[in-house]
Amino acid sequence: MWNIERIVVITSILYASAVAQSNRNDTRCFQFTWLGPRYDNQSVFLNATCNDATRLADGIPCYQPLVVSEDGTWPDMDYIWANHFNATTCVLTQNDICAKYTYYFNGHPENSTYMCTRAVDNNNTAITSGCYEQMSGSYRTRVCFCRSVLGGVPCNKGFAVIPSIFAALLGFVVFIIRN
């Protein structure tokens, strides 16, 4: 009888391991809302809702869970991926893309939502990648789109500023060559 219990336990562990591993073989996006720099691990946010996060503004997306960082800075995406994988990701379907939607006031982030979504441009053509911004007075929204790869860390982990740095460096090199 002890052998049967042992086999059941080992089988259960192997099954759980296989299920966890198979989840990492999906194409995924991060899906959660970062509450922004006003909140840190000392803030009272446990009962916060998406309405609190977006301050009831129209058209600002929000997804549970609501995330804060230890000191109010941007979330540590590697930590979230490693430790909160199931709660903070969504499986990307064939026609979906990953997005990071950030809402700014006076140049500073208010909140940011990561999600699986679909998007079209003004011509109703599907958007598959790129970043778009819209200004309205002191408010700015920026949304970036991408498509994750199978089994990889979601592409909406962050959007690098390397192209901007590269452009500045290239401009500097051209300036040096001309002089």
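Derivation of every value follows stated rules applied to the coordinates shown; laboratory data play no part. Because the structure is predicted, anything quoted here is derived from the model rather than measured. Backbone-built Cβ (ideal geometry, glycine too); neighbour counts: all protein chains shown.
Look at the dipole of region 80-157 built from charges on Cβ: of N95, T125, N83, the Cα furthest out on the positive end belongs to N83.
Going by how many other Cβ atoms sit within 10 Å of their own, how do W81, W74 line up, fewest first? Could the numbers behind the result be given before it?
Values: W81 17, W74 14.
Result, fewest neighbours first: W74, W81.
Averaging 1/r across all pairs of distinct Cα atoms in region 100-153 and inverting the result yields a Kirkwood radius of 12.5 Å. Highest average first, the peptides 147-156, 124-133 ordered by how many other beta carbon atoms sit within 10 Å of their residues are 147-156, 124-133.
Here the 3J(HN,Hα) profile of region 58-68, calculated from phi with Karplus coefficients 6.51, -1.76 and 1.60 at θ = phi - 60°, is 6, x, 9, x, 8, 9, 6, x, 8, 10, 10 Hz, Gly and Pro shown as x.
Sort 85-95, 59-69 by the packing proxy (mean of other Cβ within 10 Å over each peptide's residues), most packed first. If you can, show how the numbers build up before the last one.
Numbers: 85-95: 14.1, 59-69: 17.4.
The most tightly packed comes first, giving 59-69, 85-95.
Phi angles across region 130-137 convert, under the Karplus curve 6.51 cos²θ - 1.76 cosθ + 1.60 with θ = phi - 60°, into 3J(HN,Hα) values of x, 10, 9, 10, 9, 10, 8, x Hz, Gly and Pro given as x.
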